[in-house]
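A.B. asks: Structure incoming, see below.
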Amino acid sequence: MPSFEDFKPFIVTGLALGGVYALQGVGIVVLYRATGVLNLAFGAVGAFGALLAWQLINHNGWAQGPAFVVCILFGGVVTLLYGLLFGPPLAARDPLVKAVATLGLALILLGAMSWIWSDKARSMVLPSSNHGFEVSNVLVNYTQVIAFGFAVVITVTTGLFLRFTNLGTAMRALANDREITATLGVPVRRVEAFAWLGSGLLAGAAGLLLSNLVGLDAATLTFLVISSLAATLIARLRSIYVTFIAAIVVGMVNALITPILSISQYRDMTPFVLATVALLVLSGRKNQALTGRAG
Amino acid sequence: MGKRGRTWAALVVVLAVGLAVVLSACGSSNKSNTTAATSGGGAATNAAPAAGDVTKCGTKPGTKATGTPIKLGAIVTKQPGTDFTDGATTAQAYFNCVNDNGGINGHPIQYKYYTEQTDPAQIAGLAHKLIETDKVVGIVGGFSIIECAVDHKYWEGLGIYEIDAGIAPECYGTPNSSAPNMGPRYSSDGAVQAAVRAGAKKIAFDQSNVPGTGYIAAGPAAVTKSLNVPIQQFKDNVPIQDANSIAIKLVQAAGSDGGVVLNFTPPEALKILQAAQQQGLADRVKSWGCSTPCNTDFVAKALGTQWDGKLLVNAELNVTDAPGPQSTLYRAVLKQYGKNVTGGLGSFSQMGFSMAQFVVQALNSIKGEDYSLKSVNTAIKNVKNFKTDILCKPWYYGDAPLHIPNNTDWTTTPNKGKMVIKEQCFPISDADPAIKQVRAIEAKDPSLTGGS
């Protein structure tokens, strides 16, 4: 068993990765609550944005700043367009149908990325990764700080937004009952469009951070969303705060298992195991409550 | 349409136009990406290499071959994420060059290759199709993940001596297969040797967690044992999702006097190396090594200059801007005939070119006009002492239970966005039993490599 000294650097990497999972998770939950769509293309949108930024920097001579902005905006624009075009016709369909439709978008984007950029090795290094500080002999770079800090800020801000603004209240109302909310005069499509846009911007930002923290690889970034989905499932697609905590736990457990060689190679199962355990526990409690009520 | 509807429609149009502008930037730059790939797909490409003369492809410069075609074929992996077609398209380019310059005694080479998606049934079917329907008389220029494993018994039964460049152990461990490269196991051996020479007192060896890793792991284990250097082996799932943690794990395992050696595809190796850089780990071990896949300019460019001279990469083939005659002809052929070689200069096209050269020498050695399956494969088997500056030592086939004619390698390292030679040719350790067996075969018949 490794010593605590051996574990220390993994705490940093776990917090950073968990932070980005949280960022993605919050975006997924907010969109789901407002539109009923579980966006499985979240990772692919971010991956495409990151590769686009890489292209602009390395082949079109763009400065990093504007290219990063394009990456984030790309996420917002593509997601908003998808929401505008496919949201209304699919609005009355089953959530499973809506989710599978976004899987279609993910596969189209993944195919386009493979076609445009092939599988050659490339990288994205954010300027913040070149600077850092030491904590207890562990180097922490500023991208890791941003990843975690940004996740905290976005989670808290989104929570306050949903609670204290008219638009946020409208989103929460939509989550409860779309028909009644529309009857009350809430501009449903405008509210949904805002949710698509905001969620897409988060996808772009998460893609940018992950391209540095994980690697600039289309398939990896596309399917990394699974870890975030696990966090949202633990939160039962309801609470962004629980999503945040679950995402951090997923990232931390995943990282802390790494030096334990006997189980290290199974660590990719972490999101599934945690989600399954959480769902079983929650399901058990619900049954208990129902049984108690019946009795 | 109401006012609100028109507003939304206008918004959609504006967003669509904006997206189109962004994507058109991407589309136009795709061309430059292809250009970049053409100039940097493989090992180092320094400025202005010597211009080659493509008339050297054949024996009758400028005379098109018009006789009965000699049919050759191959099977190549092409699937999402794995495209090995550059070897076959380069072989095709060289055959076209040969055909434009006299062919084989006036006979053009007709080349057909099929792509497969790692489906054994499909691969076996394609092998039968090549022989029974296409009537090919030689299997040359293939590069596949599992073709050797699937087809080697079939080739042996037919008396076919395949010239391929594969990944499966059967490409290097069976009597009817010989490759211009040495495959991941022996390349990992070479990378471990380089890391130890650079001062590593312990090796942390990591590779992707895919079938066949046990076979590869045995090589570095044998090499380090012979060097009295402890080794700790790891397997990590790909695609790697947390490179930072893996980099920390490897550096902790190697220790400050140790070395880390990677055997991954370029994108995965890059993730670990970059994570090590960002975590400040690059200088916390004595040396970093990588097997041949890292030997591409894409990796060197992506890593930046921080790894210059620090990362030791085993190179089974010479750098692509080498000045020798074969390297010069290779570049000339690619320039004039290689429009379909999407990766351009690089290890895959070097292997395709070399394999095509081997078979052309074999065909030219046939007396008379008998280009049957039997005569062609006998000629292929008899190829020996083929001198090429693309390999460290002469290539050969010969009659042997296994073939690893490429068993002497270079070490390269990144240098300002390119891979350059760090160590000249050195023998892969014969502590690896298969290499020991091959050296015994070479010692028994020195004519294979030019001895007497």
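Since every read-out is calculated from the coordinates, none of them should be taken as a lab result. Keep in mind that this is a model prediction, so the values were computed, not measured. Quick reminder, even Gly has a Cβ in these numbers, built from the backbone with ideal geometry, and neighbours come from all protein chains shown.
A.B. asks: Once both labels are modelled 7 Å past Cα along the beta-carbon direction, what's the A:S136-B:N237 spacing in nm?
C.D. replies: Result: 2.8 nm between the two label points.
A.B. asks: Between A:T157 and B:K339, what FRET efficiency follows from the Cβ-Cβ distance if R0 is 41 Å, with the result rounded to 0.05?
C.D. replies: Details: r = 54 Å, r/R0 = 1.31.
Calculated value: 0.15.
A.B. asks: Just checking the output field for B:261-273: average partner chain Cβ neighbours within 10 Å of each residue's Cβ?
C.D. replies: Working: counts 0, 0, 0, 1, 3, 4, 11, 4, 1, 7, 8, 1, 2.
Mean shielding count: 3.
A.B. asks: Further, regarding this structure: Please compute, for peptide A:263-269, the average count of beta-carbon atoms on other protein chains lying within 10 Å of each residue's beta-carbon.
C.D. replies: Values: counts 0, 7, 5, 1, 5, 8, 1.
Mean partner-chain Cβ count within 10 Å for A:263-269: 4.
A.B. asks: Counting only helical runs of four or more DSSP H residues, what would the 222 nm mean residue ellipticity of chain B come to if each run contributes -39,500 (n - 2.57) and the total is spread over all its residues? Let's see the in-between values first.
C.D. replies: Details: 14 runs with 191 residues, N = 452.
About -13500 deg cm²/dmol.
A.B. asks: Compute for chain B: radius of gyration divided by Kirkwood radius, i.e. Rg/Rh, restricted to C-alpha atoms, rounded to two decimals.
C.D. replies: Details: Rg = 23.5 Å, Rh = 23.0 Å.
Radius of gyration over Kirkwood radius for chain B works out to 1.02.
A.B. asks: Report the antiparallel proportion of the DSSP beta bridges in the protein assembly as shown as a percent, rounded to a multiple of 5. Please list the in-between numbers first.
C.D. replies: On the way: 18 of 51 bridges.
Close to 35 percent.
A.B. asks: What is the calculated FRET efficiency for B:N385 to B:Q306, with r their C-beta to C-beta distance and R₀ = 45 Å, to the nearest 0.05? All intermediate terms of the calculation are to be shown ahead of the outcome.
C.D. replies: On the way: r = 42 Å, r/R0 = 0.94.
The value I calculate is 0.60.
A.B. asks: Next up: Taking the beta-carbon count within 10 Å as an exposure proxy, list B:L273, A:L56 from fewest neighbours to most.
C.D. replies: Values: B:L273 30, A:L56 22.
Sorted ascending by nearby Cβ count, the order is A:L56, B:L273.
A.B. asks: Set Lys and Arg Cβ to +1 and Asp and Glu Cβ to -1, take the dipole of the protein assembly as shown about its Cα centre, and tell me which of B:H128, B:G451, A:S239 lies farthest positive.
C.D. replies: The residue sitting farthest along the positive end of the dipole is A:S239.
A.B. asks: Multiply the residue gap between B:F426 and B:T68 by 0.36 nm, knock off their C-alpha separation, and tell me the result in nm, one decimal place.
C.D. replies: Working: separation 358, 0.36 × 358 = 128.88 nm, distance 4.37 nm.
Working it through step by step, the gained length comes to 124.5 nm.
A.B. asks: Calculated FRET efficiency, A:Y241 and B:D283, Cβ-Cβ r, R0 60 Å, to nearest 0.05? Kindly include the intermediate steps, with their values, before the conclusion.
C.D. replies: On the way: r = 41 Å, r/R0 = 0.68.
Here the calculated transfer efficiency is 0.90.
A.B. asks: Still on this structure: What is the spin-label model distance, in nm, from B:L373 to A:R93 if the labels are put 7 Å beyond Cα along the C-beta direction?
C.D. replies: Those two pseudo-labels are separated by 5.2 nm.
A.B. asks: Could you list B:T411, B:T118 so that the one with the fewest beta carbons within 10 Å of its beta carbon is first and the one with the most is last? Don't skip to the end; give the middle numbers.
C.D. replies: Numbers: B:T411 23, B:T118 14.
Ascending Cβ contact count within 10 Å gives the list B:T118, B:T411.
A.B. asks: Let me ask something additional. Order by neighbour count: B:V150, A:V97, B:V192, A:V37, fewest other Cβ atoms within 10 Å first, most last.
C.D. replies: Values: B:V150 22, A:V97 11, B:V192 31, A:V37 27.
The order, fewest Cβ neighbours first, is A:V97, B:V150, A:V37, B:V192.
A.B. asks: Averaging sequence separations of C-alpha pairs under 8 Å and six or more residues apart, then dividing by the length of chain B, give the relative contact order as a whole percent.
C.D. replies: With pairs under 8 Å counted, the relative contact order is 20 percent.
A.B. asks: Next question, about the same structure. Looking at the P(r) of the stretch B:184-315, how many percent of alpha-carbon pairs lie beyond 26 Å? Walk me through the intermediate numbers first.
C.D. replies: Values: 771 of 8646 pairs.
I get 9 percent for the Cα pairs in the stretch B:184-315 exceeding 26 Å.
A.B. asks: Taking H as built 1.01 Å from N, whose amide H comes closer than 5 Å to the amide H of B:I104, not counting residues under 5 places away?
C.D. replies: B:I109
A.B. asks: OK, next. How far is it, in nm, from the label point at B:T55 to the one at A:S283 when both lie 7 Å from their Cα along the line to the Cβ?
C.D. replies: 7.8
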